[in-house]
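A.B. asks: Right, I'll just put the structure down here and ask away after.
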Amino acid sequence: MDLQENIIKLTEVDSTNQYANELLSTGNVAEGAVIWSEYQHSGRGQQNTSWVSDAGMNLTFSIIFFPGFLKLEEQFFLSKVVSLGIIDYLDNLDKGYKIKWPNDIMHGKDKLAGILIECGIEGDKIKHAIMGIGLNVNQMEFDKSIPNPISLREIHDKEFCIDTLLKSILRAINKRYKNLINGDFEGISRDYLSHLLGYRETINFKKRGLPFTAKISGVRSTGEIILNENNQEHLYGFKEIDFIL
Ligand code: BTN
């Protein structure tokens, strides 16, 4: 499987994740298929938000994986390999990029990319995973409703070729996914933590609207963040806390 070899390029679609879901339901799709659209009229974000991106300005694509080799409780490794693949590419541009748990790609306090993962589960196996990635590339002005967005063009003061960028990022994700297939769980977790925003630092969070301070001491393979609050460890799932940056 090579991600760069099976790209379905669309001009417009509702959502590339939705298109991937429909492809999967035909039963006729190979692992590593990439659905890339210049525009999504109903792009989806995490927690039932929408992902808004101007036509032809940014990258919006989804990758289909069949990670039958992963246990259900290891599914967060998919998130780690995709965020790390993106970071591997960005590291060549500058070292200031970080992963905000669970999988936002940040430049300082600003969000460059988001990932929406949708898995199909059968018994205790992950039958398929749709990894939807939205990365701000050449857009300079964003809708006011989007919290702290930033694009590569704003950061690096130049335009990027979307096509070349997609291929480079796919190459990097492909490499990380192969490491996962080969069982390098330790290396992937180490690299994830070394790029994790606020790792081992004291950070301000919000829980049910109330602020609190804690040190990030790790992330479990199932994806929960481990926070140290007054020398006690607490686990939180995706929707339970928010960062105050
Ligand atoms: C987030 O909220 O941070 C996740 C955003 C994910 C957006 C991407 S764009 C390509 C794919 N298709 C979608 O509808 N959403 C994801």
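The values are calculated or read from the model by the stated rules, or taken from the named source; none is laboratory data. Just so it is clear, the structure is predicted and the values come from calculations on it, not from any experiment. Glycine gets a Cβ as well: all are built from the backbone with ideal geometry, and neighbour counts include every protein chain shown. All accessible areas refer to the heavy atoms of the entire protein, side chains included, with ligands and DNA or RNA removed. Shrake-Rupley method; radii C 1.70, N 1.55, O 1.52, S 1.80 Å.
A.B. asks: Does F69 fit the bill of being in contact (Cβ under 8 Å) with a residue 12 or more places away in the chain, within 13 Å of the ligand (Cβ to nearest atom) and of a type in the set (A, V, I, L, M, F, W, C)?
C.D. replies: It is false that F69 is in contact (Cβ under 8 Å) with a residue 12 or more places away in the chain, within 13 Å of the ligand (Cβ to nearest atom) and of a type in the set (A, V, I, L, M, F, W, C).
A.B. asks: Failed condition for Y97, given (1) more than 18 Å from P147 (Cα to Cα); (2) more than 12 Å from the ligand (Cβ to nearest atom), with all others met?
C.D. replies: Exception for Y97: condition (1).
A.B. asks: Restricting to the stretch 200-245, count the residues that are assigned to a strand (DSSP E or B) and either open to solvent by 50 Å² or more (accessible area, probe 1.4 Å) or touching a Lys or Arg at 6+ places or on another chain (Cβ under 6 Å) (or both).
C.D. replies: 16
A.B. asks: Just to be sure, is L24 within 15 Å of I63 (Cβ to Cβ), among the hydrophobic types (A, V, I, L, M, F, W, C) and over 17 Å from the mean Cα position of the chain (by Cα)?
C.D. replies: yes
A.B. asks: Would you confirm, using the coordinates I've provided, whether I64 is within 16 Å of the ligand (Cβ to nearest atom), among the aliphatic types (A, V, I, L, M), open to solvent by less than 40 Å² (accessible area, probe 1.4 Å) and touching a His at 6+ places or on another chain (Cβ under 8 Å)?
C.D. replies: yes
A.B. asks: As an exercise: evaluate N6 against (1) touching a strand residue (DSSP E or B) at 6+ places or on another chain (Cβ under 7 Å); (2) of a type outside the set (G, A, S); (3) within 16 Å of the ligand (Cβ to nearest atom) and give the number of the one condition it does not meet.
C.D. replies: The single condition N6 does not satisfy is (3).
A.B. asks: Let me ask another. Please state which of the following conditions L78 fails to meet, knowing it meets all the rest: (1) open to solvent by 10 Å² or more (accessible area, probe 1.4 Å); (2) hydrophobic (A, V, I, L, M, F, W, C); (3) closer than 19 Å to K239 by Cβ.
C.D. replies: The failed condition is (1).
One line per residue, one yes/no per condition, for (1) open to solvent by 10 Å² or more (accessible area, probe 1.4 Å); (2) within 12 Å of the ligand (Cβ to nearest atom); (3) under 19 Å from the mean Cα position of the chain (by Cα):
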residue: I105; (1), (2), (3): no, yes, yes
residue: L112; (1), (2), (3): no, yes, yes
residue: C119; (1), (2), (3): yes, no, yes
residue: I146; (1), (2), (3): yes, yes, yes
residue: H156; (1), (2), (3): yes, no, no
residue: K167; (1), (2), (3): yes, no, yes
